[in-house]
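Here is the structure we will look at, set down as structure tokens.
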Amino acid sequence: MRHAFGFLLGILLTPALAYGMGWGFARSRASVDAADLAVTDQTQFYGAYAAMAAVGLVIGILVVARWISPFVSMLPALGLLSWSVWYVVEPARAAELVDRFPPSGELDAALQMLLSTGLLALVGFVLFVTAWAPYRWPHPHDGLEDDYDYRPPPRARR
């Protein structure tokens, strides 16, 4: 059951992480004057950094939590890495993908920027490597009874 829930959560988190990073990037970039690197809108700037911190917190939990199914981090990792590899092979078509999904505008440009700079690939690699850590895949002898038919041995009579 843990892995089924993890699979569903991983599917939902993939666009949430990408859009969260893109929105935070777009808002932080819009709130800074590029010429003199001065913050022009502090509320927007702090909101953007709070969004990026929230995305970082979710990624951190996905990376270190043993009780979460590895599928929760593996599916976003595979999505981000696949998109990044597609960008290396066909940059124009991969960058057009963001135009097909709402919302559009500065978020599209931010996602394309994250894709072209390799930051989405970086996050994908972090999530992928940690999904394969041995502690994320419990064994029947660990005492975690969830996705397998594990029955503890009968108690010895005294």
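The values are calculated or read from the model by the stated rules, or taken from the named source; none is laboratory data. Given the structure is predicted, the values throughout are model-derived calculations rather than measurements. Don't worry about glycine lacking a Cβ; one is built from the backbone with ideal geometry, like all the others, and counts go over all protein chains shown. For the accessible areas, the whole protein counts, side chains as well, though only heavy atoms, and no ligand, DNA or RNA atoms are used. Shrake-Rupley method; radii C 1.70, N 1.55, O 1.52, S 1.80 Å.
Evaluation of L8 against the conditions (1) open to solvent by 60 Å² or more (accessible area, probe 1.4 Å); (2) part of a helix (DSSP H, G or I); (3) in contact (Cβ under 8 Å) with a residue 12 or more places away in the chain shows that the sole unmet condition is (3).
Going by the conditions given, is P91 within 20 Å of T117 (Cβ to Cβ) and over 13 Å from the mean Cα position of the chain (by Cα)?
yes
One line per residue, one yes/no per condition, for (1) within 19 Å of T130 (Cα to Cα); (2) among the β-branched types (V, I, T); (3) in contact with a strand residue (DSSP E or B) (Cβ under 9 Å, 6 or more places away or on another chain):
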position	(1), (2), (3)
T40	no, yes, yes
F45	no, no, yes
P76	yes, no, no
G105	no, no, no
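Here L75 fulfils each of the conditions (1) at pLDDT 90 or above; (2) within 27 Å of L8 (Cβ to Cβ); (3) open to solvent by 70 Å² or more (accessible area, probe 1.4 Å) apart from (3). Within the range 78-89, residues that are within 14 Å of F128 (Cα to Cα) and of a type in the set (S, T, N, Q) sit with their Cβ atoms under 9 Å from residues that are open to solvent by less than 70 Å² (accessible area, probe 1.4 Å) and assigned to a helix (DSSP H, G or I), at 6+ positions apart or across chains, in these pairs: S82/G124; S84/A94; S84/L115; S84/L120; S84/A121; S84/G124.
Quick check on the range 44-51. Is at least one of its residues open to solvent by less than 20 Å² (accessible area, probe 1.4 Å) and closer than 22 Å to L12 by Cβ?
Initially, the range 44-51 is screened for residues open to solvent by less than 20 Å² (accessible area, probe 1.4 Å), giving 48.
The next check asks that each one be closer than 22 Å to L12 by Cβ; those that pass are none.
No; the residues of the range 44-51 include none that is open to solvent by less than 20 Å² (accessible area, probe 1.4 Å) and closer than 22 Å to L12 by Cβ.
Of the candidates G60, G24, the single residue that is open to solvent by less than 60 Å² (accessible area, probe 1.4 Å), at pLDDT below 90 and not acidic (D, E) is G60.
Of all residues in the range 11-40, which are aliphatic (A, V, I, L, M) and part of a helix (DSSP H, G or I)? So that I can check it myself, show each step before the final result.
Just the residues of the range 11-40 that are aliphatic (A, V, I, L, M), to begin with: 11-13, 16-18, 21, 26, 30, 32, 34-35, 37-39.
Residues satisfying the conditions are I11, L12, L13, A16, L17, A18, M21, A26, A30.
Do you know which residues across the range 82-101 are among the β-branched types (V, I, T) and open to solvent by less than 60 Å² (accessible area, probe 1.4 Å)? Across the range 82-101, the qualifying residue is only V98. For P103, state whether it is modelled with pLDDT under 90, outside any helix (DSSP H, G or I) and not basic (K, R). Against the criterion (modelled with pLDDT under 90, outside any helix (DSSP H, G or I) and not basic (K, R)), P103 qualifies.
In the set (1) within 27 Å of G6 (Cβ to Cβ); (2) assigned to a helix (DSSP H, G or I); (3) of a type in the set (G, A, S); (4) in contact (Cβ under 8 Å) with a residue 12 or more places away in the chain, G60 fails one condition alone, (4).
With respect to (1) at pLDDT below 90; (2) under 27 Å from A95 (Cβ atoms); (3) surrounded by fewer than 14 Cβ atoms within 10 Å (Cβ to Cβ), the lone exception for A54 is condition (1).
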